[in-house]
Amino acid sequence: MANLISRIIEPWYPANAIGLEENLASVIQLERVKGSVCRLKRAATANIDRALLRPSFDEQNVLNVPQLATVLRDLAVGAGLMRQKRWSLTLPETTARTIVLTIETQPQSGAELQDVLKWKIERGFGAPIEELSLSRERLQKDAQGRDRYLAIAVKKSVLAEYEAVLEALGWRAGLILPRHLGEAQWLVRNGAAGDSLLLSGSSQGFTGVIFRGKHPLIVRTVNCGEAEFEDEFYRFLLFYRDRNIPEAAGDLPLRRLLVIGEGITKQRAGEIVNETTGGDLRPLAAEDLGLQLPSRDFSFDSIAAPAGLATLSW
């Protein structure tokens with residue numbers, strides 16, 4: 001799996017990307033307009049049958065490689081992107097996992113640090129480290145001065161299934177990330193001050209990510225039904241509110257909110273955030289984030305993740 005932070009800073013990535021979700025596939029291409037503003041140049045989406053793709057962290061995902069490859073080929077042809085060979089790819093939300101690891105006690109050696117990290121990774125992801133395709137990045141220390149690491153993992157066997165689909169088309173992916181980290185690029189790409197919240201919902205729950213500037217502060221994935229969604233989201237916000245330590249430069253409250261996906265309306269999510277934090281936020285739309293869509297009827301949610309990765313092309 002791609003080295004998240006260093007590869008975001010250094011290399012060039014293609015302006016076209018693929019997004020895969022439980023019931024949806026999309027291909028997109030962005031074009032830079034001016035500064036940080038871009039427009040959706042080409043795009044196509046299609047529903048996916050569960051007989052083709054069944055996202056899971058532990059079990060087989062791609063149930064029919066040739067047929068899923070055909071779906072992507074047809075989308076690329078319809079969008080005029082069939083000549084493209086290099087892509088970025090966002091994985092379904094339940095296929096990959098992201099956690100923040102905190103080192104409570106300073107290790108006495110590099111070997112001890114690696115042992116601690118291995119133990120925390122295996123405990124956090126529930127799998128032996130040998131079975132994982134893993135990206136690990138060091139984050140800023142927390143308010144208590146403890147070291148923190150961002151870890152992203154997908155089972156090697158599962159990742160190989162998605163790579164087999166791309167290989168069947170003669171394509172290759174330069175960057176593969178979970179859906180919520182693709183969506184998160186819209187919040188961190190311009191380096192906004194203060195805290196930002198991404199709520200990425202699905203039929204199986206949500207992932208909440210709070211950034212302080214460009215750095216993840218809290219990452220939490222919650223599995224729940226629609227009936228429990230609001231209560232679980234409220235608990236997530238209470239966890240943030242009660243443990244939020246303002247930066248040394250002064251109190252920088254939650255300043256930006258991005259709500260993507262299923263489980264809750266954007267309006268209701270904004271109401272819960274404001275009730276909990278005492279703010280006055282509204283969920284951001286595509287135009288707030290510097291993305292020009294073909295029409296107001298076009299769904300930003302359906303392409304937010306792959307389009308987020310495509311912004312890394314400049």
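The values are calculated or read from the model by the stated rules, or taken from the named source; none is laboratory data. The model shown is predicted, which means the values in this text are computed figures rather than measured ones. FYI the Cβ positions are ideal-geometry reconstructions off the backbone, even for glycines, and counts take in every protein chain you see. Ligands, DNA and RNA are stripped out before the accessible areas are found, and what is left, the full protein with its side chains, is counted by its heavy atoms. Shrake-Rupley method; radii C 1.70, N 1.55, O 1.52, S 1.80 Å.
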### Task
For residues that are open to solvent by 10 Å² or more (accessible area, probe 1.4 Å) and in contact with a helix residue (DSSP H, G or I) (Cβ under 8 Å, 6 or more places away or on another chain), scanning just the stretch 182-201, find the one that is nearest to residue 88 (Cα to Cα).
185
### Query
What tally of residues in the stretch 278-300 results from selecting those that are under 25 Å from residue 223 (Cα atoms), open to solvent by less than 50 Å² (accessible area, probe 1.4 Å) and either touching a Cys at 6+ places or on another chain (Cβ under 9 Å) or at pLDDT below 95 (or both)?
0
### Scan of the stretch 54-72 for residues that are in contact (Cβ under 8 Å) with a residue 24 or more places away in the chain, open to solvent by less than 70 Å² (accessible area, probe 1.4 Å) and assigned to a loop (DSSP other than H, G, I, E, B), ordered by number
55, 56, 57, 61
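Got a sec? Which of 75, 81, 113, 150 is part of a loop (DSSP other than H, G, I, E, B) and not β-branched (Val, Ile, Thr)?
81
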### Cβ pairs under 7 Å, 6+ apart, first in the stretch 103-125 and open to solvent by less than 50 Å² (accessible area, probe 1.4 Å), second part of a helix (DSSP H, G or I)
103/116; 107/113; 107/116; 121/129
### Message
I'd like the full set of residues that are farther than 18 Å from residue 210 by Cβ and open to solvent by less than 50 Å² (accessible area, probe 1.4 Å), limited to the stretch 130-145.
### Response
132, 133, 135, 145
### Query
In the stretch 227-269, which residue that is exposed (fewer than 13 other Cβ atoms within 10 Å of the Cβ) and of a type in the set (Asp, Glu) is modelled with the highest pLDDT?
231
### Message
Taking the condition of being among the β-branched types (Val, Ile, Thr), farther than 26 Å from residue 74 by Cα and modelled with pLDDT of 50 or more, how many residues in the stretch 1-36 meet it?
### Response
1
